[in-house]
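Let me begin by presenting the structure, written as structure tokens, before commenting on it.
What follows draws every value from the coordinates through simple rules; no lab data is involved. For clarity, every value in this text was computed on a predicted model and none was experimentally measured. Quick reminder, even Gly has a Cβ in these numbers, built from the backbone with ideal geometry, and neighbours come from all protein chains shown.
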Amino acid sequence: MKTWLALPLLLVLAGTGTAFAQDVRYNFDKQASFASYKNYRWANIKGSSKMSDLMDRQIKAAIDVELSKKGLTEVDEAIARVNREIRDAAQTASAQEAASDVEG
């Protein structure tokens, strides 16, 4: 009878030990304002380690839900590319305008 009580107790104690062993670290800019952001997209980081497809889908799905609660929507690569091109064109035009103001 004592063995049946000792085994679950041992398992619970082993489980709590690993739970307290987690070391989570993060870093962020406390001055950054994310209020203007409305979209996000997933990117592949070159040289990063790959996880299983199932784990990847589960993590992304959980994060997608939380970001959608905050009003963010995911955009695909094509839309992100167009947005980058528009931004780059606007920056180029602004720089050319500033340069012509200085010259002229």
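Brief remarks on what is shown
- Within straight-line cross-link reach of K38, lysines at Cα separation under 24 Å, skipping those fewer than 8 residues along the same chain: K30, K60, K69, K70
- Between A6 and D23, the modelled label-to-label distance comes to 3.3 nm, taking each label 7 Å out from Cα in the direction of the beta carbon.
- Database remark: amide H of E74 closer than 5 angstrom to the amide H of Y40 (H placed geometrically; neighbours at sequence offset of 5 or more, or on other chains; Pro and chain starts carry no H).
- Efficiency of FRET between I63 and S94 - r from beta-carbon atoms, R0 35 angstrom, step 0.05: 0.55
- The HN-Hα couplings worked out from phi for the range 59-75 by the Karplus form 6.51 cos²θ - 1.76 cosθ + 1.60 (θ = phi - 60°) are 5, 4, 5, 5, 5, 4, 4, 5, 5, 5, 5, 8, x, 8, 10, 7, 10 Hz, whole numbers, x standing for Gly and Pro.
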